[in-house]
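The structure under discussion appears below in the form of structure tokens.
Every read-out reported here was derived from the displayed coordinates using simple, explicitly stated rules and does not represent laboratory data. Treat the numbers as computed from the prediction; the structure is a model and nothing was measured. Backbone-built Cβ (ideal geometry, glycine too); neighbour counts: all protein chains shown.
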Amino acid sequence: MVPRIARVRRRQRDLKDVVTLTLEMEDGGDLEFTPGQFNMLTVFGVGEVPISISGDPAKPGGGLVHTIRDVGAVSGALARLGPGDAVGVRGPFGVGWPVTEAKGSDVVVLTGGLGLAPLRPAIYSLLANRRQYGKIALLYGARGPGEILFRSELEQWRRLLDIQLYVTVDHADTDWFGSVGVVTTLVPRADFDPEHTLAMVCGPEIMMRFGVSALRDAGVNDQSIYLSMERSMKCAIGLCGHCQLGPVFVCKDGPVFRNDRLAPLTAAKEL
Ligand SMILES: Cc1cc2nc3c(=O)[nH]c(=O)nc-3n(C[C@H](O)[C@H](O)[C@H](O)COP(=O)(O)OP(=O)(O)OC[C@H]3O[C@@H](n4cnc5c(N)ncnc54)[C@H](O)[C@@H]3O)c2cc1C
Ligand code: FES
């Protein structure tokens, strides 16, 4: 439960209300993680919140990259930190994306808004081990062209000839000539074999609900659809019950769940 101390090495503004912090452990240690795991980050004197790891698991120091949207007291304080400032780090915690189980299958990554950040480590892994997967489709939706996260990286990935990358926005502006519409409209455009596909879905809950429907309509079964859940957290180690969803703890049994296990829990009222 005791946080290690890290310092901000780099702060990058991604969007008006989103920054990416690269941290460095004060003791010089590294942090190994699997894609989809999260850390508890503390701003001393303000509080502690769960934030997914958005860096490259294969890169030294890759585990200390976090992308944060300023929505309140702690996330706002994190987003305002600058180089040299101290951050408490506990983690990594949780069960992440099934990048190993997906080997040999087609993979659909369906994501909206900031949901791309927790999926970015999985995308790095898929691309680093490209030969071990079938077709890969990355489907991303943002509210508007100015809210496309990691835009230059998406452009780099789009240049790869062996992945399908589609981006859509809910509302276009005069400079946008791409797709307009919710991200689920991209599912029928992607080429994958639904019977041999594993899907990873992350974004606002309403987007994930419609995303699951679109994947099911395309023929992907619930045992092959994985989603990352967000719940309020305190301990992150399965003790306090803050993140409980029926019989499971999102902090230690998730945040990534298979949809056939998750669907009965989200259909029922929370305890
Ligand atoms: C496993 C996990 C991984 C997460 N990964 C990330 C991440 O990578 N990047 C990131 O920015 N956030 C992430 N979050 C969400 C983040 O933890 C919350 O935004 C944060 O706890 C809010 O705390 P706060 O003190 O800043 O805001 P509070 O003061 O607690 O809340 C302020 C206001 O924001 C609303 N709010 C709280 N959480 C959210 C939210 N998630 N989205 C929209 N509105 C919200 C509240 O309802 C309230 O109205 C993750 C959460 C979980 C459980
Ligand atoms: S946050 Fe305490 S049990 Fe999950």
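At a glance:
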quantity	calculated
Cα-Cα P(r), region 106-228, percent of pairs per 5 Å interval	2, 12, 23, 26, 21, 11, 4, 1, 0
Highest-fluctuation residue, GLY47, GLY241, GLY29 considered, GNM on the chain with Cα pairs under 10 Å	GLY29
Whole-number Å³ per residue for the convex hull built on Cα positions in region 7-63	99 Å³
For region 44-107, alpha-carbon Rg relative to the globular expectation (2.2 N^0.38 Å, N residues)	1.39
Proximal lysine pairs, the chain, alpha carbons under 28 Å, eight or more residues apart or interchain	10
Globularity ratio of region 1-111, using Cα Rg and 2.2 N^0.38 Å	1.09
Protection-proxy order for peptides 242-255, 105-118, each taking the mean of Cβ atoms within 10 Å per residue, highest first	105-118, 242-255
Cα point-scatterer Debye curve for the chain, base-10 log of I(q)/I(0) at q = 0.08, 0.09 Å⁻¹	-0.31, -0.39
Derived scalar couplings ³J(HN,Hα) [region 19-28; Karplus, 6.51 cos²θ - 1.76 cosθ + 1.60; whole Hz; x for Gly, Pro]	10, 10, 9, 9, 10, 9, 5, 5, 7, x
